[in-house]
Amino acid sequence: MKIAFVGKGGSGKTTLSSLFIRHLAANEAHVVAIDADINQHLGAALGLTESEAAALPAMGAQLPLIKEYLRGTNPRIASAETMIKTTPPGGGSRLLRIREDNPVYEACARPVVLDDGDVRLMATGPFNESDLGVACYHSKVGAVELCLNHLVDGVDEYVVVDMTAGSDSFASGMFTRFDMTFLVAEPTRKGVSVYRQYKEYARDFGVALKVVGNKVRDADDLAFLRDEVGDDLLVTVGHSDWVRSMEKGRPPRFELLEAENRMALQRLQDAADDSYALRDWERYTRQMVHFHLKNAQSWGNEKTGADLAAQVDPAFVLSERPLDTATA
């Protein structure tokens, strides 16, 4: 399942996404974690030192390699240079699998050993001082969107993406790439404002959205969230001594996380697992093509000098069929 964590800055989405990743690893799931936030903190939340987190390869810097690998022998894509962040797969394209080894993972992913298992961690790369005034962060997360377009995942396989804060992900079609989106909200007016934006923007695209109430202290906080988000409120999380120790760089073993918070994480996994039965690969592919054509017309054709609409393979539908339907 492809899972996104979103929310306003400071809501605790990176902390909760890291806890969810630890929970999945403890349950022996296969996990690829992706830090797609403009502030790169997921590695540290998973226990990496500052130097280890800084040493993570930037996916954006490996975009030529990613494009060349994913293009495969797709005859509709003349060259890797004509691929953009929304380019969909077609006949001959290479697809990514969670459990495999491939050049993309070799270049961009690093193993992170947790208490009860390990995960693959990938990162878009930080927004550097040299980018100020000349670069858009959405160009950096383009590598993530391209990989998600070509990724096939199944039961007990998870891609967990810590998204950029606020509603910035709506600047591309990446918000439709997930089976479940968990929106982390504090019990404040600002805390639920991003929820309202997401709910409105995602309404026409069938995005599965559930709210995780964070920093909930009492019955009044809970009542506020229920009034504001209704049935979309899945679970709430309160104070955690374990998290406080983790934020100081001294986390206890994950098995010592408070029982109520472990139960909350299991609720998240149950919701993610339930989304599997609702998968619609045809809609997924159709939305992928929709945003590709929009980007092609808006800027892609001019930038690449190619007719990017011609990249769309009308007979191709991404699915969990065997890998031999694409280039090995």
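The values are calculated or read from the model by the stated rules, or taken from the named source; none is laboratory data. Here the structure is a predicted model, which means the values were calculated and not measured. Don't worry about glycine lacking a Cβ; one is built from the backbone with ideal geometry, like all the others, and counts go over all protein chains shown. Quick note on the areas: whole protein, heavy atoms, side chains included, nothing else; ligands and nucleic acids left out. Shrake-Rupley method; radii C 1.70, N 1.55, O 1.52, S 1.80 Å.
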> What number of residues within the stretch 169-203 are crowded, with 20+ Cβ neighbours inside 10 Å, more than 30 Å from residue 87 (Cβ to Cβ) and among the small types (Gly, Ala, Ser)?
Replying inline: 2
> Taking residue 8 and the conditions (1) touching a Gly at 6+ places or on another chain (Cβ under 8 Å); (2) open to solvent by less than 30 Å² (accessible area, probe 1.4 Å); (3) of a type in the set (D, E, K, R), which numbered condition does it fall short on, given that it satisfies the others?
Replying inline: (2)
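For (1) on the phi > 0 side of the Ramachandran plot; (2) touching a strand residue (DSSP E or B) at 6+ places or on another chain (Cβ under 7 Å), each residue gets a yes or a no:
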position: 10; (1), (2): yes, no
position: 13; (1), (2): no, yes
position: 17; (1), (2): no, yes
position: 33; (1), (2): no, yes
position: 42; (1), (2): no, yes
position: 46; (1), (2): no, yes
position: 56; (1), (2): no, yes
position: 64; (1), (2): no, no
> Of (1) at pLDDT below 95; (2) surrounded by 21 or more Cβ atoms within 10 Å (Cβ to Cβ), residue 89 satisfies all except one. Which?
Replying inline: (1)
>> Just to confirm my filter: which helices (runs of 4 or more DSSP H) fall fully inside the stretch 1-79 and include at least 2 residues that are out of contact with any Asp or Glu (no Cβ under 9 Å at 6 or more places or on another chain)?
In response: 13-26, 50-54, 63-71
>> I'd like to verify a number: residues in the stretch 92-106 that are part of a helix (DSSP H, G or I), open to solvent by 20 Å² or more (accessible area, probe 1.4 Å) and touching a residue at least 24 places away in the same chain (Cβ under 8 Å), how many?
In response: 1
>> Exactly one of these conditions fails for residue 206: (1) under 30 Å from residue 300 (Cα atoms); (2) crowded, with 19+ Cβ neighbours inside 10 Å. Give me its number.
In response: (2)
> If we scan the stretch 253-269, do we find a residue that is closer than 27 Å to residue 175 by Cβ and among the charged types (D, E, K, R)?
Replying inline: yes
